[in-house]
1. Anything in the range 17-33 that is at pLDDT 85 or above, under 20 Å from Asn80 (Cα atoms) and not hydroxyl-bearing (Ser, Thr, Tyr)? List them, or say none.
2. Condition first: touching a residue at least 40 places away in the same chain (Cβ under 8 Å) and hydroxyl-bearing (Ser, Thr, Tyr). Now tell me which residues in the range 16-54 satisfy that.
3. So, in the range 60-75, how many residues would count as being of a type outside the set (Lys, Arg), within 11 Å of the chain's Cα centre (by Cα) and in a strand (DSSP E or B)?
4. Given the criteria open to solvent by 10 Å² or more (accessible area, probe 1.4 Å), at pLDDT below 95 and among the acidic types (Asp, Glu), does Glu82 qualify?
5. Return the only residue of Ala133, Ala92, Ala87, Ala118 being in contact (Cβ under 8 Å) with a residue 24 or more places away in the chain, among the small types (Gly, Ala, Ser) and open to solvent by 60 Å² or more (accessible area, probe 1.4 Å).
6. Test each condition in (1) over 27 Å from Gly166 (Cβ atoms); (2) in contact with a strand residue (DSSP E or B) (Cβ under 9 Å, 6 or more places away or on another chain) for Thr104 and report the one that comes out false.
Amino acid sequence: EAGWPAPGVAIWHYPQGSPYIWVVDNWKSTVAYKFDPASGFSQIYRFSDKYSRLSSPPVALANVIAAVGAQDRLKFERQNFEISGFAGLITAAPTRMAGGRLVTIERSGNMSVINGTAVVMQQPLNGQSIASAAASCNHLFVASTNELVTFDTRNMMPVARVAWSGG
């Protein structure tokens, strides 16, 4: 059984200045820092849950929003919105696809596609996974304990499968 991943970091390039760095602590908080070469790091946002929770690494989205898997829900920090109802725990960082859709891979072996603020598709994988999906412009690559699957991002149908064991 794999453990929970270490806390993660996401960087968002701010077009009018210094980058923003999103950090999760795997306990309660997601924090955004702004980096300036002259003055260093300064905290600009902090979001803390009332109760302890494990979380995925963050993914930086447009408008200084971060998507974070917080156990069985996906939080959109700074937007004060979350989606619940996932089949399992989200341990891997969500994957951003061309066009802005997000993909979450749940530890139990379920893949969910989010468009905007709605889950538009859920599909079981052939095995458990703690790895983020990888995306190109046309394909999504998803690894589980039993196979690597390539999906066509237009219709999310599998186009290739490579069987393996042990992930």
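The values are calculated or read from the model by the stated rules, or taken from the named source; none is laboratory data. As the structure is a computational prediction, the values presented were derived from the model and not from experiment. All Cβ positions, glycine included, derive from the backbone under ideal geometry; neighbour counts span all protein chains shown. To get the accessible areas, we keep the full protein, side chains included, count just its heavy atoms, and leave off ligands, DNA and RNA. Shrake-Rupley method; radii C 1.70, N 1.55, O 1.52, S 1.80 Å.
1. Selection gives Ile21, Trp22, Val23, Val24, Asp25, Lys28, Val31, Ala32.
2. Tyr20, Thr30
3. Residues meeting the conditions: 7.
4. When the stated conditions are applied, Glu82 passes them.
5. After ruling out the rest, the residue left standing is Ala87.
6. Of the numbered conditions (1) over 27 Å from Gly166 (Cβ atoms); (2) in contact with a strand residue (DSSP E or B) (Cβ under 9 Å, 6 or more places away or on another chain), the odd one out for Thr104 is (1).
Residue by residue, here is whether (1) exposed (fewer than 13 other Cβ atoms within 10 Å of the Cβ); (2) basic (Lys, Arg); (3) part of a loop (DSSP other than H, G, I, E, B) holds:
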position	(1), (2), (3)
Ala6	yes, no, yes
Ala10	no, no, no
Gly17	yes, no, yes
Trp27	yes, no, yes
Val31	no, no, no
Phe35	no, no, no
Ile44	no, no, no
Lys50	yes, yes, yes
Leu54	no, no, yes
